[in-house]
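Note sheet for the following structure.
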Amino acid sequence: MLTTFLVAAIALQPQKIDGIDKLVTAFMSKNSVPGLSIAVVVDGKLAWSKGYGLADVENRVPATTATEYRTASIGKTMTATAAMLLVEEGKLDLNADIREYCPAFPQKAWRITPWNLLTHTSGIRHYGGPHDQEEQTSAVHYDNVIDAMAPFKDDPLQFEPGTKWQYSTYGFDVLGCVIEGASHTNFLTVMRTAVWEPAGMSATRDDDPAAIIPNRAAKYTRVAGQIRNAPMIDMSNKMAAGGYLTTIVDLAHFLEAVMDGRLVKPATFQQMITPAKLSNREAVGYGLGWGVETEEWKDDRWVFHGGSTPGVSGFVAMMPKHRFAVAFLTNLDELPERNELAEDVTRLVLDFGPRKP
């Protein structure tokens with residue numbers, strides 16, 4: 001217990017904060033990031049958070065810890081948590097045919113399970129093909145998770161489920177339909193009552209472009225080296241895959257709740273952060289809704305997820321045995337070296353030493 005207390009105290013020392021300031025400002029300067037909010041969780045509790053730069057460049061609105069950013073694919077960790085809560089309740093079988101819960105998804109050449117959806121081994125395609133840009137910048141509004149499957153549900157699978165790993169946002173769209181069917185409850189209601197409210201995430205919701213939402217960040221992209229306003233998109237075509245709004249404090253509360261076992265049970269969380277294995281027994285760098293390094297680091301595991309859609313980029317990372325996490329959200333898309341920034345902050349706070357050049 002004494003060691004844990006000392007680690008927490010060190011994390012709050014001014015020189016640690018100064019070090020994080022330098023890392024963040026250098027990252028923002030290098031990548032021309034308008035606004036960024038960051039949080040650090042130490043000993044399983046939110047230890048520090050701060051906003052940098054501007055949430056809205058045109059109106060000179062500062063980024064703060066209350067700024068609302070789109071989660072993008074970081075939201076997959078929340079959706080996966082909702083699914084695994086249903087598994088714990090006996091309402092969802094990871095090895096069942098997904099059509100038992102989502103009959104609106106057409107029959108395919110091979111059987112797909114919820115496990116395949118959670119591990120990105122389903123064979124359901126990601127973006128791409130002749131309508132790639134149209135799909136990524138869609139402004140079409142879908143009223144529910146079933147209608148949102150329209151752009152891809154009739155396409156053939158790209159491989160037999162379980163034989164390959166291929167990241168698929170659309171696979172998580174189908175997971176939203178599965179969650180709704182297994183729970184017999186509206187998908188967003190499940191997210192709110194099963195995940196966000198129990199975790200104390202009072203500012204987290206769906207990213208409805210028509211809603212008036214206080215503190216929502218403006219969104220930016222880079223065109224020919226210049227920062228421009230990002231195109232307006234409607235995330236209802238990928239709600240379950242990351243169409244949420246959150247603040248950095250809420251995101252930290254989610255990480256706290258996950259590590260404390262206040263959402264899924266500790267054994268379930270361990271299952272989620274264990275690298276999945278393909279049918280040939282090859283381990284992949286992804287578990288059930290979480291990216292996972294296949295090799296341990298400091299007798300722990302680097303558990304993470306990034307996210308980027310037009311106008312936003314973010315990253316979360318955890319070292320569960322250390323009860324440590326770092327998360328940051330920005331209002332600029334396609335940012336490089338997000339994992340590196342998270343690692344640098346981790347190394348600084350936990351005194352692991354700097355990365356090798």
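Among LEU175, LEU251, LEU94, which one shows the biggest mean-square fluctuation in a GNM of the chain, springs joining Cα atoms closer than 10 Å?
Top of the fluctuation ranking is LEU94.
Between ILE20, ILE74, ILE98, find the one with the highest GNM mean-square fluctuation for the chain; connect C-alpha pairs within less than 10 Å.
ILE20
Using only Cα atoms, find the angle between the long axis of helix 248-260 and the longest principal axis of the chain, and express it within 0 to 90 degrees, rounded to the nearest 10.
70 degrees
With Cβ to Cβ distances under 15 Å as the rule, what net charge do the other residues near ASP56 carry (K, R +1; D, E -1)? The partial results should precede the final answer.
Details: positive: ARG60, ARG70, ARG216, LYS219, ARG228; negative: GLU58, GLU68.
Counting the neighbours of ASP56, the net charge comes to +3.
Would you mind calculating the gained length between ALA150 and GLN133 on full extension (0.36 nm times residue separation, minus the Cα-Cα distance), in nm to one decimal?
Residue separation times 0.36 nm, minus the Cα-Cα distance, leaves 4.5 nm.
Please give the charge dipole size of the chain, origin at the Cα centre, charges +1 on K and R Cβ atoms and -1 on D and E Cβ atoms. Round to the nearest 20 debye. Let's see the in-between values first.
Working: 34 positive and 42 negative charges, 131 e Å.
Result for the chain is approximately 620 debye, rounded to the nearest 20.
Roughly how many debye, to the nearest 20, is the charge dipole of region 252-357 about its Cα centre, given +1 on each Lys and Arg Cβ, -1 on each Asp and Glu Cβ, and no other charges?
Here the size comes out at about 360 debye.
Quick one: go through region 74-102 and flag any residue whose amide nitrogen is under 12 Å from the point 7 Å out along the Cα-to-Cβ line of LEU157.
Backbone N within reach: 97-99.
Over the chain, with every protein chain in place, what whole percent of the accessible area is carbon and sulfur at 1.4 Å, could you tell me? Mind dumping the intermediate values first?
Values: 7740 of 14970 Å².
For the chain, the apolar C and S fraction of the accessible surface comes to 52 percent.
Just subtract the alpha-carbon distance of GLU296 and ASP93 from 0.36 nm times their residue separation and send over the number in nm, one decimal.
Working: separation 203, 0.36 × 203 = 73.08 nm, distance 2.93 nm.
Stretched fully, the GLU296-ASP93 segment lengthens by 70.1 nm.
Around ARG192, with a cut-off of 11 angstrom between Cβ atoms, what is the net charge of the other residues, counting Lys and Arg +1 and Asp and Glu -1? Can you show the working numbers first?
On the way: positive: ARG205; negative: GLU197, ASP206.
Neighbour charge sum, excluding ARG192 itself: -1.
Just to compare against my own numbers: the Cα pair-distance distribution for the chain, 10 Å bins, whole % per bin, please.
5, 26, 34, 25, 9, 1
Against the longest alpha carbon principal axis of the chain, how many degrees, from 0 to 90 and to the nearest 10, is the axis of helix 169-183 turned?
It is inclined by approximately 70 degrees.
Per the helix-only calculation at 222 nm, which mean residue ellipticity applies to the chain, given -39500 (n - 2.57) for every DSSP H run of n ≥ 4 and division by its residues, nearest 500 deg cm²/dmol?
-8500 deg cm²/dmol
Projecting each Cα onto the charge dipole of the chain (Lys/Arg +1, Asp/Glu -1 at the beta carbon, about the Cα centre), which of VAL33, ALA218, ALA230 comes out farthest on the positive side?
Going by the Cα projections, it comes out as VAL33.
What's the extension gain from GLN166 to VAL140 if we count 0.36 nm per residue and subtract their Cα-Cα distance? Walk me through the intermediate numbers first.
On the way: separation 26, 0.36 × 26 = 9.36 nm, distance 2.55 nm.
Taking 0.36 nm per residue and subtracting the Cα distance, the gain is 6.8 nm.
Take the chain, connect every pair of alpha-carbon atoms lying under 10 Å apart with a spring to form a Gaussian network, then pick out the residue of THR294, THR246, THR64 with the largest mean-square fluctuation.
Checking each option, the largest mean-square fluctuation is seen for THR294.
With angles folded into 0 to 90 degrees, how steeply does helix 338-349 sit against the dominant principal axis of the chain? Use alpha carbons for both and round to 10.
40 degrees
The values are calculated or read from the model by the stated rules, or taken from the named source; none is laboratory data. Computed from a predicted model, the values in this text were never measured in an experiment. Reconstructed Cβ throughout: ideal geometry from the backbone, glycine too, with neighbour counts over all protein chains shown. Accessible surface is based on the protein model in full, side chains and every heavy atom, while ligands, DNA and RNA are left aside. Shrake-Rupley method; radii C 1.70, N 1.55, O 1.52, S 1.80 Å.
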